[in-house]
1. Only one of these is of a type outside the set (D, E, K, R), surrounded by 14 or more Cβ atoms within 10 Å (Cβ to Cβ) and in contact with a Lys or Arg (Cβ under 8 Å, 6 or more places away or on another chain): 357, 310, 338. Name it.
2. Taking the condition of being polar (S, T, N, Q), more than 16 Å from residue 374 (Cβ to Cβ) and surrounded by 18 or more Cβ atoms within 10 Å (Cβ to Cβ), how many residues in the range 321-335 meet it?
3. Please specify each residue of the range 251-268 satisfying the condition of being buried (at least 19 other Cβ atoms within 10 Å of the Cβ) and modelled with pLDDT under 80.
4. Collect the residues in the range 285-317 that are within 21 Å of residue 41 (Cβ to Cβ) and assigned to a helix (DSSP H, G or I), keeping them in residue-number order.
5. For a quick check of your reading of the model, give me the residue pairs whose first member lies in the range 284-299 and is surrounded by fewer than 18 Cβ atoms within 10 Å (Cβ to Cβ), whose second is at pLDDT 85 or above, with beta-carbon atoms closer than 7 Å and at least 6 apart or on different chains.
6. Could you tell me how many of the residues in the range 111-158 are among the small types (Gly, Ala, Ser), assigned to a helix (DSSP H, G or I) and surrounded by 17 or more Cβ atoms within 10 Å (Cβ to Cβ)?
7. In the set 333, 397, 380, which member is under 18 Å from the mean Cα position of the chain (by Cα), in contact (Cβ under 8 Å) with a residue 24 or more places away in the chain and over 21 Å from residue 27 (Cβ atoms)?
Amino acid sequence: MASRPGHHNSVQTGLQQTTRVDPRLIVMGQVLQLNQAELETFIERELDENPALERLEEDTPITSDDVMRIVAPGELKHTSEDRELARSLPNDGQETSWVEYAASIQVLADHVLGQLAVTAQQEDPTVLHYLVGSLNERGYLACSVEEAALACGVSLEEAERALAQLHRCDPPGVGARDLRECLALQLAYASTDAERLARDLVTQAWDHLVRRNSKAIARKFRVSFDLAEEAFEVITNLQPYPADGFEHAAPPEHVAALATPDLRLTLLEQGWVVEVSGPSDSTLCVNRYYRQRLDQAKASHALAAERRHLSEYIGRAENFLNAILQRRQTLRKVGEYLIEHQDGFVRTGDTRFLKPLTRATIARAIGVHESTVSRATSHKFLEIATGEIVSFETLFKPALRIQRKIEEILATEHPDRPLSDAAIAKLLADQGIHVARRTVNKYRDKTRLLSSRRRRSA
């Protein structure tokens, strides 16, 4: 049947309209993933670029020196010790920042983005950053390709090419959308017969693989029973969660101590107080003069170019203010959830009280997408009731509690009768933590604890 004239063009136009990006979503995603220091820098840049946005005048805060000048001016006089300290400091005219002396922390996102900067130079960096920002704590992609394309204002084909670039990154399997794709990505460059069969099992015979039906596999692919078993062994040794064991979780304590918390959970006599740190929408506003000019332009039928200029900058300022408000509301909801469901840890800081938790669980509880919680908590820090500052990643690291349990067990074992990994696994099972012996071995190696034979020798 012949198509109507112009029908094809109208379909194309309709598709283009459905993928038009909402500028509110872009700025909301950008603001949400920033930590406190990054947000302040982002605000300063927006104030420079958008004349319709302005910062409200704030009263100059009273410092401790101001108080001392009034109540004890003599205490501010420099002593010989002060002058000696001043001479020992670097004389470059700049204030010393001790954060610069801390060891750098390599997170999964930085690790992946560093590779993409070299290998994906032709791809849109916006969609690449969106995809990397949507990786969950397991290294899986927590958004669909369609969502990424819509949010970044690119075509579906461009988003798929960006995802293909992500799939080529290390660790193998990163960016997979489920376990099956994760295993297939790790087998993409199979070189042996067993690896090639393993790849075929994952992509073509998933049901047989799940049931470990070696006979059916041998018949289907016309291979020997032994080769089928070798393929099973290959798959068993793959990593189901690309981010597991990757150094992207809690930073060293000395770095966390220097970090600025983005969220504070304080316990007072009256109860818990949830405080989101940093700039808020209440310290910014849309420039009143710009609003007045827009009203006058509409009333006087001014030139369309002037009205468009005023509307564009005012709309941009309103979207920016709304994004900051949404960031604060999301972090506040996350804090309220932690008080209710991780009470033991946020009260004491003791990892033994950590309960299994994922970003997806929080997202469902507070009614947002998992990628929203991922952006709200990535590279950010939390101050708990003890005053300790911890990385949000600590909450989403399921291995941490098990590692602490293993350390406790080994700390109390008899030195002449060190426990084997199998014995440790049994003791953990008695406490309701069911892990395999090889899992105990892996966690013990991570914390650099010796094997039972080496502990006996020591």
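The values are calculated or read from the model by the stated rules, or taken from the named source; none is laboratory data. Since the model is a prediction, treat every value here as computed from it, not as a measurement. No Cβ is skipped: glycine too gets one built from the backbone with ideal geometry, and neighbour counts run over all protein chains shown.
1. Working: 357 fails: in contact with a Lys or Arg (Cβ under 8 Å, 6 or more places away or on another chain); 338 fails: in contact with a Lys or Arg (Cβ under 8 Å, 6 or more places away or on another chain).
Of 357, 310, 338, the one residue that is of a type outside the set (D, E, K, R), surrounded by 14 or more Cβ atoms within 10 Å (Cβ to Cβ) and in contact with a Lys or Arg (Cβ under 8 Å, 6 or more places away or on another chain) is 310.
2. Taking the range 321-335 and keeping what is polar (S, T, N, Q), we get 322, 326, 329-330.
After this cut, where a residue has to be more than 16 Å from residue 374 (Cβ to Cβ) as well, the list is 322, 329.
If we keep only those that are surrounded by 18 or more Cβ atoms within 10 Å (Cβ to Cβ) as well, we get none.
The total comes to 0.
3. Taking the range 251-268 as the starting set, the residues that turn out to be buried (at least 19 other Cβ atoms within 10 Å of the Cβ) are 251, 256, 259, 261-263, 265.
Answer for the range 251-268, where residues must be buried (at least 19 other Cβ atoms within 10 Å of the Cβ) and modelled with pLDDT under 80: 251, 256, 259.
4. Across the range 285-317, the qualifying residues are 313, 316, 317.
5. Filtered contacts from the range 284-299: 285/54; 287/51; 287/52; 287/53; 287/54; 291/314.
6. Taking the range 111-158 first, the residues among the small types (Gly, Ala, Ser) are 114, 117, 120, 133-134, 139, 142, 144, 148-149, 151, 153, 155.
Within this subset, residues satisfying the condition of being assigned to a helix (DSSP H, G or I) are 114, 117, 133, 148-149, 151.
Now drop any that are not surrounded by 17 or more Cβ atoms within 10 Å (Cβ to Cβ), which leaves 133, 148-149, 151.
Of the residues in the range 111-158, 4 are among the small types (Gly, Ala, Ser), assigned to a helix (DSSP H, G or I) and surrounded by 17 or more Cβ atoms within 10 Å (Cβ to Cβ).
7. On the way: 333 fails: over 21 Å from residue 27 (Cβ atoms); 380 fails: over 21 Å from residue 27 (Cβ atoms).
Result of the check over 333, 397, 380: 397.
Let's see how each residue does on (1) over 30 Å from residue 110 (Cβ atoms); (2) at pLDDT 80 or above; (3) touching a helix residue (DSSP H, G or I) at 6+ places or on another chain (Cβ under 7 Å):
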{"site": "23", "(1), (2), (3)": "no, no, yes"}
{"site": "28", "(1), (2), (3)": "no, yes, yes"}
{"site": "44", "(1), (2), (3)": "no, yes, no"}
{"site": "50", "(1), (2), (3)": "no, yes, yes"}
{"site": "72", "(1), (2), (3)": "yes, no, no"}
